[in-house]
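Beneath this line is the structure, given in structure tokens, with notes to follow.
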């Protein structure tokens with residue numbers, strides 16, 4: 001059960017959303033997908049991981065590439081690298097506890113916190129074997145997405161290794177990828193809401209994830225709607241955290 005402070009900061013337009021806010025709503029969206037009474041119709045075969053997943057990859061990858069826009073400080077060998085046991089649990093759908101096995105999905109949604117705490121949504125397409133990046137700040141750098149694609153290098157380099165060592169390719173019979181970094185492309189700026197304030201970043205990310213799970217191609221909202229969205233998210237988390245008898 002979340003605390004009062006959790007909801008106060010969630011509804012406060014002057015506060016950034018925390019990982020606990022994001023994860024709580026992702027957990028809720030996952031529950032809604034299995035509910036017959038959900039107000040949304042969700043697209044099947046799309047898994048979700050929590051905020052901690054990318055954070056862990058980034059911390060480990062920093063040992064090889066402290067500056068994501070620079071060179072590796074030491075060679076990275078897939079043969080010598082052993083994934084953390086917890087990473088296999090993500091692939092198996094046992095982490096977070098509301099996760100889904102990747103071999104039951106066509107795509108995996110990964111919330112990523114990159115430089116300066118900015119959040120983006122990465123969709124790992126397991127069929128096309130590429131990563132699609134949805135960035136609320138895309139309109140600030142409309143000419144290309146090279147910078148943000150470099151910021152998610154930990155995901156691009158380590159996701160294939162996790163799949164290999166966790167047995168994903170063996171279970172699915174799909175082509176095996178391991179040492180080759182995944183291709184990444186930033187999605188068109190017209191497909192994501194235009195973030196103006198950094199404090200609305202987390203809200204836009206949650207709205208994008210909800211839309212992606214529903215199979216929608218874009219999010220039609222703006223900065224002026226943020227307060228309403230914050231209240232809606234808080235209400236949905238609160239009402240769905242109540243005991244059944246309530």
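A short reminder: the numbers here are calculations on the coordinates, not readings from a lab. Everything numeric here is computed off the predicted structure, so don't read it as measured data. Note: ideal-geometry Cβ built from the backbone for every residue, glycine included; neighbour counts use all protein chains shown.
Data for the structure
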item	result
The stretch 1-100 - percent relative contact order, Cα under 8 Å, separation 6 or more	22 percent
Cβ-Cβ FRET estimate between residue 62 and residue 197, R0 fixed at 25 Å, reported to 0.05	0.30
Counting DSSP beta bridges with both ends in the chain, the antiparallel % (nearest 5)	65 percent
Residue-averaged [θ]222 nm for the chain, counting only DSSP H segments that reach four residues, each worth -39500 (n - 2.57)	-11500 deg cm²/dmol
Correct choice for Kirkwood radius over Cα pairs in Å that was computed from the model, options (1) 17.9; (2) 18.7; (3) 19.6	(2)
Approximate spin-label separation residue 128-residue 115, in nm, with each point projected 7 Å along Cα-to-Cβ	2.6 nm
Helix 19-33 vs. the chain, principal-axis angle (Cα, 0 to 90°, nearest 10)	80 degrees
Contact order normalised by residue count of the chain, Cα under 8 Å, 6+ apart, percent	25 percent
Angle in degrees between helix 153-165 and the longest Cα principal axis of the chain, rounded to the nearest 10	70 degrees
Packing-based ranking, highest mean first, of 228-241, 156-169 given that Cβ atoms within 10 Å are counted	156-169, 228-241
